[in-house]
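Let me begin by presenting the structure, written as structure tokens, before commenting on it.
The values are calculated or read from the model by the stated rules, or taken from the named source; none is laboratory data. As the structure is a prediction and not an experimental result, all values here were calculated from the model. Note: ideal-geometry Cβ built from the backbone for every residue, glycine included; neighbour counts use all protein chains shown.
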Amino acid sequence: MNGVVQKRQALHRQLKTSQEQNSLLSRQVDHLHSLAAVGMAWTMTAHEINNLLTPLVNYARFALAHPEDAALTEKALNKTILLTEKVAEMLERVMTLAGQKDMEKREFAVKSLAEDVFACIGRDFRKDNIDVEVLIPDDIVIFSDGPAIRQVLMNLILNARQSMLGQGGELRVRAYQTTEAVWVEITDTGGGIPPAAMRKIFDPFYSTKTDCPDGPNNGIGLAFCKQIIDKHDGLISVESQAGHGSCFKIRLPRQNRP
């Protein structure tokens, strides 16, 4: 009888030890996931900051090149400050994107976010023979992390522009709402996405762009967009045909309040 009791006690001790080890391993796995998320967030943020650095440097150089024109210099410096503040906002988002804290959501007008993007880019698309049409009613509002959604729009708009460089085309940014959702569409008439790439287009580090006029593409932008939209309980998808342009669609739930 004593032998049976001792065996049972030994089994309980082994079980307890195994449970403690499993708990430790689980915490270690969670920690590794967190580190991986932070690494991904940093990579994504670096990609986004790179989108802002070129106009930021150009505005600063413009101010230095025209010290005699106070009005133009002031305008260039104000643009530089605006872009610098946006870079600071992106850095603030690293821990949010890594899942370390909740996003700060409030109401934002979609039209205002889109206008911020074009102001931030600072380049007239007509210089690239690209016609831009913005069809966003003033009253369409989303409850969201505005700076994060702005980053998504910037990524998609820059991608659309890039797809039309050298040939020109049309870029349309459209938003509308239904009873349950707000929809945002970014449509271009660029080269489109090959059918084989469609299922992987939102995967990290996957890119169909091997020769980008604006520099190398690391396949981070669309993965970044998907992560942000996922955190808003939304959906992002794309419709495209090689040689006939693309349309990226974002669906965000209305009144998505905590």
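ALA63 is checked against (1) out of contact with any helix residue (DSSP H, G or I) (no Cβ under 8 Å at 6 or more places or on another chain); (2) surrounded by 12 or more Cβ atoms within 10 Å (Cβ to Cβ); (3) at pLDDT 80 or above and fails just one. What number does that condition carry?
It is condition (1) that ALA63 fails.
Which one of the conditions (1) surrounded by fewer than 21 Cβ atoms within 10 Å (Cβ to Cβ); (2) modelled with pLDDT of 90 or more; (3) outside any strand (DSSP E or B); (4) not polar (S, T, N, Q) does GLY215 fail to meet, given that it meets all the rest?
Here GLY215 meets the rest and fails (2).
Just a yes or no: is a residue in the stretch 91-110 assigned by TED's automatic domain parsing to the domain that holds GLY221, assigned to a helix (DSSP H, G or I), under 17 Å from the mean Cα position of the chain (by Cα) and at pLDDT 75 or above?
yes
Residues in the stretch 165-186: is at least one aliphatic (A, V, I, L, M) and not in a strand (DSSP E or B)?
Yes, some residue in the stretch 165-186 is aliphatic (A, V, I, L, M) and not in a strand (DSSP E or B).
Based on this model, can you work out whether LEU135 counts as outside the structural domain of ASN50 (by TED's automatic domain parsing), surrounded by fewer than 19 Cβ atoms within 10 Å (Cβ to Cβ) and within 19 Å of the chain's Cα centre (by Cα)?
Here the answer is no, as LEU135 does not meet what is asked.
Is there any pair linking a residue in the stretch 157-178 that is assigned by TED's automatic domain parsing to the domain that holds GLN241 and of a type in the set (Val, Ile, Thr) to one that is part of a loop (DSSP other than H, G, I, E, B) and at pLDDT 90 or above, with Cβ under 9 Å and at least six apart or on different chains, and which?
Here the result reads VAL173/ILE136, each pair linking the stretch 157-178 to a residue that is part of a loop (DSSP other than H, G, I, E, B) and at pLDDT 90 or above.
List pairs: first residue in the stretch 184-199 and on the phi > 0 side of the Ramachandran plot and assigned by TED's automatic domain parsing to the domain that holds ASP131, second residue surrounded by 17 or more Cβ atoms within 10 Å (Cβ to Cβ) and in a helix (DSSP H, G or I) anywhere in the structure, Cβ distance under 9 angstrom, at least six positions apart or on different chains.
If the second residue must be surrounded by 17 or more Cβ atoms within 10 Å (Cβ to Cβ) and in a helix (DSSP H, G or I), the pairs left are GLY192/SER163.
Would you point out the residue of the stretch 168-187, among those that are acidic (Asp, Glu) and under 19 Å from VAL110 (Cα atoms), that is modelled with the lowest pLDDT? Steps first, please.
Our first condition is that a residue be acidic (Asp, Glu); within the stretch 168-187, this holds for 170, 180, 185.
Among the residues that remain, those that are also under 19 Å from VAL110 (Cα atoms) are: 180, 185.
Details: GLU180: 91, GLU185: 97.
This residue is GLU180.
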